[in-house]
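Beneath this line is the structure, given in structure tokens, with notes to follow.
No value in this document is a laboratory result; all are computed from the given coordinates. All values derive from a computational prediction rather than experimental measurement. Heads up, the Cβs are rebuilt from the backbone with ideal geometry, glycines too, and the neighbour counts pull from every protein chain shown.
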Amino acid sequence: MRLATAIYLIVGLINIYAQFVGDLTINQFTKPILMPVLIYLVFVKADGFVNLPRLLLALALIFAWIGDMLLLMQGEELYFLGGLGSFLIMQVLYTLVFYKSMQSPALPKSNIIIPSLIGFVVIAYGAFHYAGIMWIPVVIYALCILTMLAFALNRQSETSNQSFLLTTVGAALFVISDSLIGVNKFIEEIPYAPFLIMATYIPAQYLIMQGVMIHEKN
């Protein structure tokens, strides 16, 4: 388990470095390794007991890996849409995981829903003005990722403090990472965008996985 965690950390840091220096070869070699390592960790930490939240978590990471692979294939809008679709499914699965990994599963409360709706309106407005023909898929994706964050926040007092903190920080980092992708693609090119995107995406995935598995262990 420690070896797999170390591999994820080392490969992740190498990938982040590759993004910083713009080395496409290292990126294409390291990125496909990341999600399979996390999937392996899910089943190792499960210790032979696979329930619905753990299965959904592994499935979410599989779709994340598919999204990673599609986004490696640059130059075709179809690959970007495919990657967007894969990550959208992943966000839906994460939402289900967060809902299922609560002591008393419940829908988010108004103090979570209202800020999420405000964020959604802002993103929808920006997508309508900047994303062109892509604004509908972007809006749908934004709805899914903000719902995922809302369900992560909704776990407060319904799981251990450690599990809540890890999954919430991971979900927030994911929102930041995907926001960087959207701004960089549709609004304005961000300096070192690939570096910033992966520097938030890689820890986001690990923190979500770790947070869910801590809840399941408890």
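How high is the relative contact order of the chain, in percent, with contacts defined as C-alpha pairs under 8 Å that are six or more residues apart?
Details: 269 pairs, mean separation 44.7, N = 218.
For the chain, the relative contact order is 21 percent.
What area, in nm² and to one decimal, does the C-alpha convex hull of region 71-196 cast on average over all directions? Before the final figure, lay out the partial values.
Numbers: hull surface 32.4 nm².
For the Cα atoms of region 71-196, the hull's average projected area reads 8.1 nm².
By counting other Cβ atoms within 10 Å of each Cβ, how are L57, L180, L117 ranked from fewest to most?
Placing the least packed residue first, the sequence is L117, L180, L57.
Taking each pair of distinct Cα atoms in region 172-218 once, what is the resulting Kirkwood hydrodynamic radius in Å? Mind dumping the intermediate values first?
Working: mean 1/r = 0.0870 Å⁻¹.
By the Kirkwood definition, the hydrodynamic radius is 11.5 Å.
With 10 angstrom as the radius, rank M69, M1 by how many other C-beta atoms surround their C-beta, starting from the fewest. Don't skip to the answer; put the middle values down first.
Values: M69 17, M1 10.
Fewest to most other Cβ atoms nearby, the residues stand as M1, M69.
With θ taken as phi - 60° and the coefficients 6.51, -1.76 and 1.60, list the Karplus ³J(HN,Hα) couplings across region 201-211 in order, rounded to whole Hz; mark glycine and proline as x.
5, 5, x, 4, 5, 5, 5, 5, 4, 5, x
Charges only on Cβ, +1 for Lys and Arg, -1 for Asp and Glu: so what's the dipole of the chain about the Cα centre, in debye to the nearest 20?
On the way: 9 positive and 10 negative charges, 131 e Å.
With Lys and Arg at +1 and Asp and Glu at -1, about 620 debye.
Please compute P(r) over all alpha-carbon pairs of region 43-102, binned at 5 Å starting from zero, and give each bin as a whole-number percent.
Calculated over all Cα pairs of region 43-102, the distribution is 4, 21, 22, 18, 14, 10, 7, 3, 1 percent.
Could you tell me the number of lysine pairs in the chain with C-alpha atoms less than 25 Å from each other, where the two lysines are 8 or more residues apart or belong to different chains?
Values: K31/K45; K31/K185; K45/K100; K45/K217; K100/K109; K100/K217.
The number of close lysine pairs in the chain is 6.
Per residue, what volume in Å³ does the Cα convex hull of the chain take up?
Details: hull volume 23.9 nm³, N = 218.
Normalising the Cα hull of the chain by residue number yields 110 Å³.
Assuming R0 = 41 Å, what is the FRET efficiency of I133 and F43, from their Cβ-Cβ distance, to the nearest 0.05?
Values: r = 41 Å, r/R0 = 0.99.
Plugging the Cβ-Cβ distance into 1/(1 + (r/R0)^6) gives 0.50.
One quarter of the convex hull surface, Cα atoms only: what value does that give for region 8-61 in nm²? If you can, show how the numbers build up before the last one.
Details: hull surface 15.7 nm².
Average projection, Cα convex hull of region 8-61: 3.9 nm².
Can you list the HN-Hα couplings for region 178-194, worked out from phi with the Karplus curve (6.51, -1.76, 1.60; θ = phi - 60°), rounded to whole Hz and with x for Gly and Pro?
5, 5, 4, 4, x, 5, 5, 7, 10, 10, 8, 5, 9, x, 6, 4, x
For the pair Q28 and I190, how long in nm is the line joining their label points, each one 7 Å along Cα→Cβ?
Result: 2.5 nm between the two label points.
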